[in-house]
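Novice: One structure, pasted below without further comment.
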Amino acid sequence: MASGHLRHLVAGNWKMNGLKASTDVLDAVIKGHDAVLAARADLMVCPPATLLAAFAARAGGSTVAVGAQDCHAAAAGAFTGDIAAEMIADAGGKAVIVGHSERRTLHGESDADVRAKAEAAWRAGLLPIVCVGETRAERDAGHALAIVARQIAGSLPDSLPGDLVVAYEPVWAIGTGLTPTTADVAEMHGAIRRQLVERYGGAGQAVRLLYGGSVKPSNAAELMAIADVNGALVGGASLVADDFLAIAKACGTS
Ligand code: PGA
């Protein structure tokens with residue numbers, strides 16, 4: 001596939017971790033993303049919403065982007081506790097993760113919800129990072145490709161109004177230390193790429209496909225070298241600057 005030229009993106013999903021003191025981690029990431037590393041991979045940190053504005057201000061002028069972990073589909077309104085994509089943009093965020101499996105499972109988000117959130121992201125000028133992935137039971141039953149194809153079909157709009165990132169995150173690999181075989185990742189990413197190209201033509205070639213789920217320094221080089229893997233969505237290891245930077249360093253080395 002002609003997508004081999006896409007720059008890797010390594011995005012850190014901090015989930016519900018991080019206090020003001022965690023700014024040290026962001027500072028170390030900014031410092032470590034020097035010219036050599038920046039030539040290899042784009043870096044993004046997605047802290048909890050409480051830190052978004054401060055992190056965006058701190059990272060301003062650096063090569064590290066700051067994103068959010070979720071948004072509401074509406075631009076404003078009576079949605080207690082929720083955050084609009086416009087608010088993320090206003091706080092200096094450049095991207096937003098939507099449809100993470102923890103949102104789909106713990107907050108009952110459907111593919112249609114995720115699609116509405118992705119559309120909200122574009123409306124606000126943000127880059128949506130749309131997450132998909134099968135459960136262990138679905139993989140064991142041989143349904144992984146079909147489940148992910150269905151999620152992609154339902155979570156993305158009929159045409160692309162802007163840049164898009166898709167993250168394949170097998171639910172059973174998140175936070176478990178387990179990862180699929182390189183053959184399974186290659187098969188899934190190849191299938192996602194074909195589906196995107198069928199749906200969007202050439203624009204489907206430009207969508208970066210991240211792998212997520214227990215990415216760490218010790219497995220990053222192998223995962224990042226797989227065809228159609230254009231970066232990583234990193235949870236636990238993104239909370240440690242050295243580990244996060246080591247994952248980025250593993251990009252583009254093969
Ligand atoms: P993990 O999480 O790297 O801790 O497995 C990945 C994610 O949920 O995005």
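Each reported figure results from applying straightforward, stated rules to the coordinates on display, with no laboratory input. Just so it is clear, the model here is predicted, and its values are computed rather than measured. Because the Cβ atoms are built from the backbone with ideal geometry, glycine has one as well, and the counts that use them run over all protein chains shown.
Novice: List the lysines whose alpha-carbon lies under 19 Å from that of K31, not counting same-chain residues fewer than 8 positions away?
Specialist: Filter leaves K20, K249.
Novice: For the pairs K15/K94; K15/K216; K117/K216, flag any whose C-alpha to C-alpha distance is greater than 26 Å.
Specialist: Working: K15/K94 17 Å; K15/K216 16 Å; K117/K216 29 Å.
Beyond 26 Å: K117/K216.
Novice: If I take every Cα pair under 8 Å that is 6 or more residues apart in the range 96-254, average their sequence separation and divide by the length, what percent do I get for the relative contact order? Walk me through the numbers on the way to the answer.
Specialist: Values: 265 pairs, mean separation 30.3, N = 159.
After rounding, I find 19 percent.
Novice: Something else about it: Using helices alone, I'd like the mean residue ellipticity at 222 nm for the chain: each DSSP H run of four-plus residues gives -39500 (n - 2.57), total over residue count, nearest 500.
Specialist: Working: 11 runs with 103 residues, N = 254.
So the helix-based figure for the chain works out to -11500 deg cm²/dmol.
Novice: Who wins for biggest fluctuation among K117, K20, K216 in a Gaussian network model of the chain, springs between alpha carbons below 10 Å?
Specialist: K20
Novice: For a quick check, take a GNM of the chain with Cα springs below 10 Å and name the residue from L156, L19, L127 with the largest mean-square fluctuation.
Specialist: Ranking L156, L19, L127 by mean-square fluctuation puts L19 first.
Novice: So for each of 28-37, 164-173 I average, over its residues, the number of other beta carbons within 10 Å; can you give me the resulting order with the highest mean first?
Specialist: Working: 28-37: 15.1, 164-173: 24.2.
Highest mean packing first, the order is 164-173, 28-37.
Novice: Which of the peptides 226-234, 69-77, 203-211 is most tightly packed, and how do the rest follow, going by the mean number of other Cβ atoms within 10 Å of each residue? Show your work: numbers first, answer last.
Specialist: Values: 226-234: 24.7, 69-77: 16.9, 203-211: 20.6.
Descending mean neighbour count gives 226-234, 203-211, 69-77.
Novice: Pick from A11, A220, A54: which residue has the top mean-square fluctuation in a GNM of the chain where Cα pairs under 10 Å get a spring?
Specialist: Fluctuation is largest for A54.
Novice: If you don't mind, there's one more thing I want to ask. Give me the Å³ per residue figure for the convex hull around the C-alpha atoms of the range 1-148. Walk me through the intermediate numbers first.
Specialist: Working: hull volume 21.4 nm³, N = 148.
In the range 1-148, the Cα convex hull volume per residue is 145 Å³.
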